[in-house]
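Heads up: the structure comes next, in structure tokens.
Every number in this text was worked out from the coordinates using simple rules, so none of it is lab data. Since we're looking at a predicted model, the values are computed, not measured. When we count neighbours, we look across all protein chains shown, and the Cβ atoms used for this are built from the backbone with ideal geometry, even at glycine.
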Amino acid sequence: MAMTRAFITGATGQDGTYLTRHLHAHGYEVHGLVRPGDPPPLDPDLITVHEGDLTERAALSALLDDIRPSQIYNLGGLSSVAFCWSEPVLAVEVNGAAAVFLMETAWKLQERTGDKISFVQASSAEMFGEATVSPQTEATPLAPVNPYGASKALAHLAVGVYRARGLHASSLILYNHESPLRPPTFVTRKITQGAAAIAKGEMTELRLGNLDARRDWGWAPDYVAALALAAEHSEPGDYIIGTGEAHTVREFVAAAFLAAGVADWEKHVVQDPAFFRPVDPTLLVADATRARNELGWRPSVSFADLVSSMVAVDLDA
Ligand code: GDP
């Protein structure tokens, strides 16, 4: 029997790397889209890499014709909220329009060949913006407050459109999810690297932005498992994926310095206006009841363990 073929955009990012491992372990043949110039995959034996850009439509459509995947995971795009403030139009093109094009291409391929395709969109809690209800569910209105959230909302809404059109299209609304593969442009890794460097005497001061910002931080490998569960589920749908527990950046800092064995984190952390955001959602907390009931999904790693396992890797580095 032929192996199930999966196609992942953003295949060499944090989530793409964990999803590749997950799908490979479950017997899938994994193909991934990687931008020219991006670092190669961490596990080259587990994935066939195709160089290309999400905005090169003709090439992307030819590639999908060629691979004929039965699952498409759209993880590619601009993942940094901060970066999207500086490139808002690019954010719409890459996070929004490219997702629409992928769904349109998948739908046409399915129509032509009669082979069903599951499409899974990595959506973001940032779509809720300054949510007035907390925790959020799949029914919470979208109200993005930054270009990143708006671009992700466009793709999320298009998932509903293509689902109605007959594509098995699911949108997983992922809350922040971290791991030792997180780049230090994100605050968690910046903190764990900083705490480890200070513990080792390589650095004395860590400059951060808003310490009062709160996030629902989970363990990235749990989140890619949710993506795969949605692709396999009998019905497509929208699912909130998060832990249901929010912590402040300050709490993350305290936990990381504790794990690194540094007392008095206050002595080492400086708040720097350069790292503050023009608008910063503070009430993003997931209610993942639906994912638990319908997909059997639940987070497996606690906040304390998440922080200490990231710090442990940075202490070793
Ligand atoms: P995001 O939720 O996708 O924007 O993930 P980030 O890890 O980039 O940011 C999480 C939160 O940490 C946001 O509310 C930021 O304002 C806050 N934050 C505080 N200091 C920093 C910093 O130095 N770098 C980043 N990236 N975020 C910071």
Amide H proximity to Val34 below 5 Å, modelled H, separation 5+ or other chain, gives His50, Glu51, Gly52
Normalise the Debye intensity by I(0) for the chain, one equal point scatterer per Cα, no solvent, then take log10 at q = 0.07, 0.16 Å⁻¹ and round to two decimals. -0.27, -1.38
For region 1-158, restrict the atom set to alpha-carbon positions and state the Rg and Dmax in Å. 15.9, 50
Size of the dipole of region 180-243 about the Cα centre, Lys and Arg at +1 and Asp and Glu at -1 on the beta carbon, nothing else charged, in debye to 20? 440 debye
Dipole axis of the chain (+1 Lys, Arg; -1 Asp, Glu on Cβ), positive-most option in Gly76, Val311, Ala99: Ala99
On the principal axes of its Cα set, how long, how wide and how thick is region 96-183? Give whole Å, largest value first. 43, 32, 21
Net charge near Leu33: determine it from the other residues with C-beta under 13 Å of the C-beta of Leu33, scoring Lys and Arg +1 and Asp and Glu -1. -3
Which angle between 0 and 90 degrees, to the nearest 10, do you get for helix 147-164 versus the longest principal axis of the chain when only C-alpha atoms count? 30 degrees
Here the Kirkwood hydrodynamic radius of region 213-267, Cα-based and in Å, equals 13.7 Å
The answer for Ile72, listing residues at least 5 apart or on another chain whose modeled amide H is closer than 5 Å to its amide H, is Phe7, Ser118, Phe119, Val120
Cut-off 11 Å between beta-carbons: net charge of the residues surrounding Ala98, Lys and Arg +1, Asp and Glu -1: -3
Relative to the longest principal axis of the chain, what angle (0 to 90°, nearest 10) does the C-alpha long axis of helix 14-25 take? 50 degrees
Whole-angstrom Cα spans of region 57-146 along principal axes, big to small: 45, 30, 14
So who's got an amide H within less than 5 Å of the one on Asp238, skipping anything under 5 residues away but keeping other chains? H placed 1.01 Å off N, in plane. Ser171
I want the local charge near Arg112. Using Cβ-Cβ distances under 11 Å, sum +1 for each Lys or Arg and -1 for each Asp or Glu among the other residues. -1
Please report, in debye to the nearest 20, how large the charge dipole of the chain is about its Cα centre when each Lys and Arg carries +1 at its beta carbon and each Asp and Glu carries -1 there. 340 debye
From DSSP H assignment alone, runs of 4+ in the chain each adding -39500 (n - 2.57), the sum over residues rounded to the nearest 500 puts [θ] at 222 nm at -11500 deg cm²/dmol
Just want the answer: with Cβ charges of +1 for Lys and Arg and -1 for Asp and Glu, which residue in Thr4, His233, Ala213 is farthest toward the dipole's positive end in the chain? His233
Cα-centred dipole magnitude for region 208-297, charges only on beta-carbon of K, R (+1) and D, E (-1), debye, nearest 20: 200 debye
Burial-style ranking of 254-261, 240-247, 271-278, 209-216, average other-beta-carbon count within 10 Å with highest first, yields 240-247, 254-261, 209-216, 271-278
Angle, helix 187-199 long axis vs. longest principal axis of the chain, Cα atoms, 0 to 90°, nearest 10? 40 degrees
